[in-house]
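A short write-up of the structure that comes next.
The values are calculated or read from the model by the stated rules, or taken from the named source; none is laboratory data. No experiment lies behind these values; they were computed from the predicted model shown. A quick note on method: Cβ atoms are made from the backbone with ideal geometry, for glycine too, and the neighbour counts reach across all protein chains shown. Surface areas here come from the heavy atoms of the whole protein model, side chains and all, with no ligands, DNA or RNA. Shrake-Rupley method; radii C 1.70, N 1.55, O 1.52, S 1.80 Å.
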Amino acid sequence: TYMDSSPRHAAAAPPPPTDPLQPDLADAGAVRHRYAVLQAVVGRRRLDELEGLLREKLTRLLKTGQTLSAAFKVFDRDRSGRVNLGDFAAITRMLGIHVTETEAHALFGRYDGNADRHFSCDEWFDAMTRRDAPPPAPAPA
């Protein structure tokens, strides 16, 4: 018997699995809501701890006299002027900060001021210089 193996008879490939941490959010309000939910799950204390560790690691990494824009360049691997969640999580872990995907996403939400799922150098600067920023975490004994 003759079997037609042309693509029109092939089964359609299943859609790729969706990442529950990165839903297809259409507007800034939905993105802000997602950040708020993740931040509530992680908790302010843990986020403050992670942000303090991040500040401490960046301070050690950068030479004296370098600016926050130099710290931003650590995250902006493709030099696009914007940092996405994947780059942020990878660099955070590279700095030796142990974060879960949920923690990385919640912390990232602190820097994405306009909820466009990226942060710019200006958003980074605003977040790093705000008055209520946590102090650097104490060094482990």
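Remarks
- Note on region 43-80: residues that are open to solvent by 60 Å² or more (accessible area, probe 1.4 Å) and within 13 Å of residue 127 (Cβ to Cβ) total 0.
- Those helices (runs of 4 or more DSSP H) of region 57-111 in which at least 3 residues are touching a residue at least 60 places away in the same chain (Cβ under 8 Å) and either within 24 Å of residue 31 (Cα to Cα) or among the basic types (Lys, Arg) (or both), considering only elements entirely within it, cover 101-111.
- Region 97-141: number of residues that are under 17 Å from residue 59 (Cβ atoms), open to solvent by 90 Å² or more (accessible area, probe 1.4 Å) and at pLDDT 85 or above: 0
- Count - residues of region 60-73 that are of a type outside the set (Lys, Arg) and at pLDDT 80 or above: 1
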